[in-house]
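One structure below.
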Amino acid sequence: MRTRLILLLIGLIGYASLGYAQEERTEETHVAIERDSVGIAVPDSTTRAVLAAADSAGVPDVKMELAFKPDPTRAVLYALVPGLGQIYNRKYWKLPIVYGGLMGCMYAITWNNKNYQDYSEAYRDIIFDQKNNADKPENWHTSWQELTSRDPSSLINDSNFSEQLRSRKDYFRRYRDLSIIIAVGVYALSIIDAYVDAQLFDFDISPDLSMRVEPVVTPKTSVTPGTYGVNWSLKF
């Protein structure tokens, strides 16, 4: 009797274990089936239209604009016409300087040359009148008379007046020539500026071009005492 009871308990335990194992395999089978059933969702019509449009558009061509770098030789050729070299280098802020300098020189040349021509003619005419028409007021030239408010009869034989005319003539000629030299210099500088500007257009200049002053403290050691000072550095 006891033996049968033990065999019955062993059989119940084995049946329970078999059922648990079968249930566990069943759950694993269901999980596997669910995993297999999960797939990629079929896109709807809107999604398909967007994907089709993206495929038809293709990858857009990316055009990288090269950094502008002026050619020094071309800049010089353009600079032969005042201001074009600066325009080519895209330094538009220099145009007022170039044109202002040249216009100022041209005005100085014109004004000094006009006065030089007037005094030169007056000096030449009064010398002629002093030699040939001193006693013939009706034949005196008006060029030298227009440059003074004094009585012409008191000046026809006045050597100081004729000397003043000559001095003024030389004065305006000197400054006319100086104005021409300055104008040529401004023109040459505009060409040189265009060339140098184009040559150094991409010259890398560090933004930290500065002088730095800062306090320095040296700690005390067994060999040297502690010190306080100022450190000066220049970066270029």
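Tabulated results
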{"quantity": "Matching option when the condition is closer than 30 Å to VAL98 by Cβ, free of Cβ contacts under 8 Å to residues at least 24 places away in the same chain, small (Gly, Ala, Ser) and in a helix (DSSP H, G or I), among ALA194, ALA188, ALA183", "calculated": "ALA188"}
{"quantity": "Test: residue in the stretch 118-127 that is farther than 26 Å from ILE180 by Cβ, out of contact with any helix residue (DSSP H, G or I) (no Cβ under 6 Å at 6 or more places or on another chain) and assigned to a helix (DSSP H, G or I)", "calculated": "yes"}
{"quantity": "Verdict on GLU138 being assigned to a helix (DSSP H, G or I), open to solvent by 60 Å² or more (accessible area, probe 1.4 Å) and modelled with pLDDT under 90", "calculated": "yes"}
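Residue by residue, here is whether (1) modelled with pLDDT under 90; (2) open to solvent by less than 30 Å² (accessible area, probe 1.4 Å); (3) under 30 Å from ALA67 (Cβ atoms); (4) under 58 Å from the mean Cα position of the chain (by Cα) holds:
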| site | (1), (2), (3), (4) |
| --- | --- |
| GLY83 | no, yes, yes, yes |
| TYR88 | no, no, yes, yes |
| PRO96 | no, no, yes, yes |
| ARG124 | no, no, no, yes |
| ASN133 | yes, yes, no, no |
| SER154 | yes, no, no, no |
| ASN157 | yes, no, no, no |
| ARG168 | no, no, no, yes |
| ARG174 | no, no, no, yes |
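The values are calculated or read from the model by the stated rules, or taken from the named source; none is laboratory data. The structure displayed is predicted, hence computed values, not measured ones. Here Cβ is always computed from backbone atoms with ideal geometry, including for glycine, and neighbour counts include all displayed protein chains. Note: areas computed on protein heavy atoms with side chains; ligands, DNA, RNA excluded. Shrake-Rupley method; radii C 1.70, N 1.55, O 1.52, S 1.80 Å.
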